[in-house]
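**Student:** Below is one structure. I have some questions about it.
The values are calculated or read from the model by the stated rules, or taken from the named source; none is laboratory data. These numbers come from a predicted model, not from an experiment. Note that each Cβ is placed from the backbone with ideal geometry, even for glycine, and that neighbours are counted across all protein chains shown. Note: areas computed on protein heavy atoms with side chains; ligands, DNA, RNA excluded. Shrake-Rupley method; radii C 1.70, N 1.55, O 1.52, S 1.80 Å.
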Amino acid sequence: MKSCGVSLSVAAARRLSAAADEEKKMAAGKASEPEEDAPRLSAQESDALARVDSSLFGDQRLQEDGASMKALLVKAVRCYEALILKAEGKVDPEFFCQLGHFNLLLEEYPKALSAYQRYYSLQSDYWKNAAFLYGLGMVYFHYSAFQWAIKAFQEVLYIDPGFSRAKEIHLRLGLMFKVNTDYESSLKVRPEDSACSLTKRYRAAKEAYESLLQTEDLPAQVKAATLQQLGWMHHTVEQLGDKANKDSYAIQCLQKSLEADPNSGQSWYFLGRCYSSIGKVQDAFISYRQSIDKSEASADTWCSIGVLYQQQNQPMDALQAYICAVQLDHSHAAAWMDLGTLYESCNQPQDAIKCYINATRSKACSNTPALAARIKYLQAQFCNLQHNSLQSKSKMLPSIEEAWSLPIPAELTSRQGVQSTGQQSSAESWTHSSAQPPTQNWYPSPQKLQMRQNSSGQIRASLPNGPSLPAHPVPRAPSCSAPPLANGPLPPSVGNNHTPGTRANGDVPYLHPNTLPHNCTSPGDTRKSQHLTSAQGLQKGLGSLWAGPNGDRTLSSSASADGGPHNQVGLSATTPSEPAVNHLSSPSSTSSPASSSSQTATSGAPHGTAPTKESAALQGNGSTAANHPSPDRSPPAASADNPQLSKRSPAAGSRANHVHPGSSASSPTSSPSPRCAVPAAVVNGSGGGACSEDSRSPLKLEPPELCIRAALKPSHSSSTVSIYPTSADVLKACRNLGKNGLSSSSILLNKCPPPRLPPPPSPPLAKDKLNPPTPSIYLENKRDAFFPPLHQFCTNPSNPVTVIRGLAGALKLDLGLFSTKTLVEANPEHLVEVRTQLCQPADENWDASGQRKQWRCESSRSYTTIAKYAQYQAASFQESLREENEKKGQKELSDSEMTSSETVSRRHKGPFKQVKFGTNIDVSDEKKWKLQLQELSKLPAFARVVSAGNLLSHVGHSILGMNTVQLFMKVPGSRTPGHQEHNNFCAVNINIGPGDCEWFAVPEPYWGVMSEFCEKNNINFLKGSWWPNLEDLYEASVPVYRFIQRPGDLVWLNTGTVHWGQAIGWCNNIWWNVGPLTAYQYKLAVERYEWNKLQSVKSMVPMVHLSWNMARNIKVSDHKLFEMIKFCLLRTLKQCQTVKEALVAAGKETIWHRRSRDEPAHYCSICEVEVFNLLFVTSDSYSRKSFVVQCQDCARKASGDLDGFVVLQQYRMEDLMQVYDQFSLFHSFPQLSSLK
């Protein structure tokens, strides 16, 4: 919509001119009255003002006009104000909008805010006006009310992705996210939107290198150097495509470079970095060794070798490699910082302090203030520890002085004359230090593990194998020589120039209709000094946008734990293993090829790692929903047995009524039939306003006839399309509606309002109802498990969570197939993502210093294998046994020296031990895990991974962690942070045992409240890692289900339930998602699909693709579900038709490209929205058959005439029309036995 803003301004200017003419006539007829001194706009001035709106703010054209434009704006403001005053405010709302634009351009921010708010209160469909939302966002940005500015800017991009100032919006969003410490979102500023347009430069360089390689008789040295630079550029430059393709291409180039020049130590080093970033540890090590053989004195290589060893939990080898690095280069800041991190992780703070001090002395260290703060923090912690306790602990590593003088083992330093010999030697060296003890010593018996748990079910206050000092990631200067460790130290204040909890949103209200100030002062002055060094300068345009907070992005654990939208938990998720064409890797913190690569060796996840639940909340939540009516909350038919609740819990534990499905008295009732006259809206269930269409969002609307309200303006004939006519009628109605090809300009129906956070259910619950009993159903036999009402009870929206007790025994499931011992025997080298966390009580979450409770749940990511994690699990158990024996001997002394309150205080204030949580273990490969997957087929159909009644089984391809099984290996204290499942799907979790897990759950209608809490704590609800404070929830009247999951128990998480959990004992869990074939599930999945689009988060479930597959594969008898699916098909059909019409008009042909079997759905590689049928692929990627897909909006931003793009068509319109016409409501008939 170019817009709405311009067309509205034209109308307002014309109305103003007409009003002025009318005023002249009236004045001529009243000669006796004194002539008012009111300014009047000429027709020429009105025409000039018709082209003025908020999008001109900071525009160079406005600056060139100078004083004349300013004088015109001042005159217009006086004229508008006089007219509004004369009409006593009873004027067209567009006058207020234009008045806000004029005041914004004059930088009269209080007046602009007042006018915008008045327009908001008078104009019901204000959200259609992109220029208004942009202007309002600029005013909030001026006042540093960043949360409201973010909301306004996001709505602009949602309703009009092609808005003329979209690039500036992206830059300002990036700056505000950085100030709010949401680094993951900040880094997502698209490369095309950067002022410097680095993408074009990199692509030009790439083309130049490739052109050079085509030269005949190119000297070997030149060819090797060119391939080396080309490969390294692909590895380090994010703008050149998605991570998987870039890394693959980089490795190919470097290998060819080594073929031309095998003696290049630099090429071997670069190749090692590439292998390390994709998880090929042994290949990386071999390459590093070759690099040392070719260029021995390389501190960079030794530092990278140390990083590899440290990632593989080989601290002694890592120490020796780091020592080699700093001995070769005494001022190697990266090596000193990594060495300090290593010492700190081994609980040797004195040596860590010395290393950090050496790092600060290096001229290459750009993080001196951060390291100084860390040093001060460690020194303070060190002084607080008891001296005798430190002496009693044996050191894991030699001190820095001892390590400096130790001889380096021959296998680390000896040069290899022959490559094969070198590879064999390095491989042996790599595996030597990780020799594993006999298998039988690793696994404590289940009886011992059960004995290790307290009878109360509480988590032990301390766990083994973790440093007693809290550790944060260390920020460091970007350097191509050494990758930063993911779990390095960082002072709590580094990179955070915004104090959590202090915001200016209370100073500048966001569009309250009943409280609209006309004379606004400048609120938020206290915020300006905290966030921006030159807030006024940021208003002028793109050039000054980079003058924001000067803190560089730091690799803190909270930041690194947010990988993306893939998971809904606090673990940072890695890119799902979909085709590389569908998504981009996360942008690096710097645009330099060398510096951006400095993070890959330690934090780069191997390609194909699945984004999952625990990585979703350990990573980031990938799902949310729009407004919808909360379902009726009838009391559950089955109550539950809750664990001992916290003292602060407002309700005491209730009596448990365990339900047996076979008993008639407790049989759960099914949810009421959804056959109602007016189905709920697909996107905004609040019912306010008529929903309509946006061709970019085929899912967010309900059928038009379901949205019509009485007493509204009659709609045009072209704006209501029934879902019942044939597809031919639909296409005929859609034809020739727009010729410019922009989806926002080719709209058949009105747009739908952007989704909003749902309000909390009303009235608030009483305090004694905030700890409801968790529904628990006990199974005695297989018949109970397959009893139909069990399925109905679990999927009833009134039951957010259900615990099915004794499932494994009733179905005779062999859970031993998922035990640690069996896993090691089956696939010992299988990849495991490891989250390093602080062990804390389950109902509390403290910062690393133990001084303050917080919502942010910090963790760092690394990778290991099943065999190595199993070894850690066993060592953790043995260490816990030793600690308990020591405590028994000191119990009497402890009781006499301190009171119980002192003990509790000391437990709370830490320092907390670290625990390692093994997560995201993919068990989808039927060849590797055949027995395990076959065992799960014993489950009832509604809980199986694959079944006809599971929506996710109709996607047509694997979505790792959703329609495939994932495994989690835990020690006490392992946490899955708070999240909702991707696209609000249901989830199944089975505890393998032998330990227990504690769960917390909040009903779906309260997710808006949870999101607001995250926002108050500067955490991204969808992608951040957070652990709720129960006191905050109870104060906000949010009910919390709390229960214990024992071995063999199945936890069913219903649609949209917010949940988090922690392991009490040593255990494994398996997990997958399920989509019941209900209107409620589909509706909430679509709502989250649209909310994700607003928040620029990728939806893991391609709802358009799924809807078409459902229309092909299933018969729907639920009228409400049928209406929603049919309307999605209608909108998609219209979108395909309008896009094809625009392409034909532009002379752009489509290329037939039939979908292959099991081909994943496609997403835009820029904005990550789903792309259906018509794929806009860059010509370069098409020639390489890598297919980098973009949506139409992003493609036209890059090239208005689509030059450089190939459009692929995956479905013929005739096929889509046939599916649409054949999808009809299926009428099921009752059985004869029920007729009388």
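**Student:** Under 12 Å from the Cβ of residue 325, count the other residues' Cβ atoms, weight Lys and Arg +1, Asp and Glu -1, and hand me the total.
**Tutor:** Residues close to residue 325 contribute a combined charge of -3.
**Student:** Around residue 1180, what is the net charge, scoring Lys/Arg as +1 and Asp/Glu as -1 over all other residues with Cβ under 12 Å from its Cβ?
**Tutor:** Values: positive: 203, 206, 1184, 1185; negative: 207, 210.
Counting the neighbours of residue 1180, the net charge comes to +2.
**Student:** Highest first, please rank the peptides 871-880, 90-99 by the mean number of other Cβ atoms sitting within 10 Å of their residues. Intermediate results must be reported in sequence, preceding the final value.
**Tutor:** Values: 871-880: 19.4, 90-99: 22.0.
Packing proxy ranking, top to bottom: 90-99, 871-880.
**Student:** Packing-wise, with mean Cβ within 10 Å as the measure, how do 940-946, 995-1001 rank, highest first?
**Tutor:** Numbers: 940-946: 18.7, 995-1001: 22.4.
Sorting 940-946, 995-1001 by mean packing, highest first, produces 995-1001, 940-946.
**Student:** Leaving out ligands, DNA and RNA, and with a 1.4 Å probe, what % of the accessible surface on the range 1055-1158 is carbon or sulfur? Mind dumping the intermediate values first?
**Tutor:** Working: 1200 of 2660 Å².
After summing per-atom areas, the C and S share lands at 45 percent.
**Student:** What distance in nm lies between label points placed 7 Å from Cα along the C-beta direction at residue 259 and residue 1224?
**Tutor:** Inter-label distance under the simple model: 6.1 nm.
**Student:** Oh, and also: May I ask you to give the solvent-accessible area per residue for the range 954-1009, in square angstrom, as obtained with a 1.4 angstrom probe?
**Tutor:** That works out to 8 Å² per residue.
**Student:** Quick check: from the Cα gyration tensor, does the range 984-1112 come out rounded (a/c under 1.5), prolate or oblate? The partial results should precede the final answer.
**Tutor:** Values: a/c = 2.04, a/b = 1.19, b/c = 1.71.
It comes out oblate by the Cα gyration axes.
**Student:** Here's something else I'd like to know. So, with +1 on the Cβ of K and R and -1 on the Cβ of D and E, and no other charges, what is the size of the charge dipole of the range 907-1032 about its Cα centre, to the nearest 20 debye?
**Tutor:** Working: 13 positive and 12 negative charges, 113 e Å.
With only Lys, Arg, Asp and Glu charged at Cβ, the dipole is about 540 debye.
**Student:** Something else about it: Treat every Asp and Glu Cβ in the range 57-158 as -1 and every Lys and Arg Cβ as +1, leave all other atoms uncharged, and give the resulting dipole magnitude about the Cα centre to the nearest 20 debye.
**Tutor:** Details: 10 positive and 11 negative charges, 38 e Å.
Here the range 57-158 has a charge dipole of around 180 debye.
**Student:** Over the range 241-351, what percent of the accessible surface lies on carbon and sulfur atoms, probe 1.4 Å?
**Tutor:** 45 percent
**Student:** If I model a spin label as a point 7 Å beyond the Cα along the Cα-Cβ vector, how far apart are those points for residue 382 and residue 1016 in nm?
**Tutor:** Taking the simple label geometry, residue 382 and residue 1016 are separated by 4.0 nm.
**Student:** Next up: Taking a label point 7 Å from the Cα of residue 887 along the Cα→Cβ vector, which residues of the range 841-861 have an amide N closer than 13 Å to it?
**Tutor:** Inside the label zone: 841.
**Student:** Please list, by residue number, every one of the GluC sites (Glu not before Pro) in the range 1131-1176 that is coil in DSSP and has at most 12 other beta-carbon atoms within 10 Å. Let's see the in-between values first.
**Tutor:** On the way: sites: 1141, 1149, 1168, 1170; in loops: 1149, 1168.
Sites meeting the loop and neighbour criteria: 1149.
**Student:** Still on this structure: Dipole of the range 1112-1177, Cα-centred, from +1 at each Lys and Arg C-beta and -1 at each Asp and Glu C-beta, to the nearest 20 debye? Mind showing how you got there, number by number?
**Tutor:** Details: 11 positive and 8 negative charges, 58 e Å.
Computed charge dipole of the range 1112-1177: roughly 280 debye.
**Student:** In addition: Taking a ≥ b ≥ c as the square roots of the Cα gyration tensor eigenvalues, with a/c under 1.5 meaning rounded and otherwise prolate when a/b beats b/c, else oblate, which class fits the range 1160-1206? Before the final figure, lay out each step's value.
**Tutor:** Values: a/c = 1.89, a/b = 1.08, b/c = 1.75.
In terms of gyration-tensor shape, oblate.
**Student:** Round to a whole number: what % of the accessible area of the range 780-857 belongs to carbon and sulfur, probe 1.4 Å? Please report the intermediate quantities before stating the final value.
**Tutor:** Numbers: 1470 of 2780 Å².
Of the solvent-accessible surface of the range 780-857, carbon and sulfur hold 53 percent.
**Student:** When ligands, DNA and RNA are left out and all protein chains stay put, how many square angstrom of accessible area per residue does the range 760-846 have with a 1.4 Å probe? Don't skip to the end; give the middle numbers.
**Tutor:** Numbers: 3350 Å² over 87 residues.
Accessible area per residue: 38 Å².
**Student:** Packing-wise, with mean Cβ within 10 Å as the measure, how do 1092-1104, 1044-1056, 1192-1204 rank, highest first?
**Tutor:** Details: 1092-1104: 24.8, 1044-1056: 23.2, 1192-1204: 17.3.
Those peptides, ordered most packed to least, come out 1092-1104, 1044-1056, 1192-1204.
**Student:** Continuing with the same structure: What distance in nm separates the simple spin-label points at residue 207 and residue 930, each placed 7 Å from Cα in the Cβ direction?
**Tutor:** For the pair residue 207/residue 930, the computed spacing is 5.2 nm.
**Student:** May I ask what percent, to the nearest 5, of DSSP beta bridges between residues of the range 1114-1228 are antiparallel?
**Tutor:** 75 percent
**Student:** Averaged per residue, what accessible surface does the range 1141-1236 expose to a 1.4 Å probe, in Å²?
**Tutor:** Numbers: 5090 Å² over 96 residues.
On a per-residue basis, 53 Å².
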